[in-house]
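Structure record follows, encoded as structure tokens.
The values are calculated or read from the model by the stated rules, or taken from the named source; none is laboratory data. Fair warning: this is a prediction, and the values are worked out from it, not measured in the lab. Ideal geometry is used to build each Cβ from the backbone, glycine not excepted, and the neighbour counts take in all protein chains shown. SASA here: full protein model, heavy atoms, side chains in, ligands and nucleic acids out. Shrake-Rupley method; radii C 1.70, N 1.55, O 1.52, S 1.80 Å.
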Amino acid sequence: MRTRVKICGFTRVDAIGLVFYAQSPRNVSMARAAEITRALPAFVSVVGLFVDAEPDWVRDVLAEVNIDCLQFHGNESPEDCRLYAKPYIKAVRMRPDTDLEDIQAQYADAAGPLLDAYHPGAQGGTGSGFDWDLIGGNLSLPLILAGGLSPENAALAVQQVRPYALD
């Protein structure tokens, strides 16, 4: 099985992530995002990342930017994620008490959970890793692994976790 790769900020991968969260240093304007998506070659998926965004903002972005999949990094409920008739990914900030089976049941229609490191002051993108043993083995949705991945540990991540994709 081939593990796919999504790296935010790069344009020569399987998928690109466009961050629509003003507090992020990776935030991109709607105009710049539209420009980037128009320049992409075929077969590159576009993921729009949001954190507790107002539904009108998400709809405005979708009207202007060609986005294939939504990625939610905040406290969005399953109902919030389903508002847009788009495939979506729900980010999960991993802690020792995270119940992935419960999250998987709540977000059963998600394209998959994106597992990231927990940081009390950030919603993601910290570059921090987490203990992969927290994942367990009872997930039926395609798993996307994020958090502290690097060229030095990516192969081990694929070997140990066997994710559908790395982010």
With a Cα-only, solvent-free Debye model of the chain, what are the log10 I(q)/I(0) values at q = 0.16, 0.17, 0.19 Å⁻¹?
-> -0.93, -1.06, -1.34
Checked the range 1-97 with the C-alpha gyration tensor, a ≥ b ≥ c its square-rooted eigenvalues, rounded below a/c of 1.5, otherwise prolate if a/b is larger than b/c and oblate if not; verdict oblate
Near the amide H of Ser45, under 5 Å away, which other amide H atoms are found, from residues 5 or more places off or on another chain, if H is placed in the peptide plane?
-> Ala15, Ile16
What relative contact order, as a whole-number percentage, does the chain give when Cα pairs under 8 Å and 6 or more residues apart are counted?
-> 19
Averaged per residue, what accessible surface does the chain expose to a 1.4 Å probe, in Å²?
-> 55
For a quick protection proxy, order the peptides 154-160, 86-92 by their average other-Cβ count within 10 Å, most packed first.
-> 86-92, 154-160
Order the peptides 27-34, 113-120 from the highest to the lowest mean number of other Cβ atoms within 10 Å of their residues.
-> 113-120, 27-34
³J(HN,Hα) computed for each position of the range 153-160 - Karplus, 6.51 cos²θ - 1.76 cosθ + 1.60, integer Hz, glycine/proline x = 10, 4, 5, 5, 4, 5, 5, 7
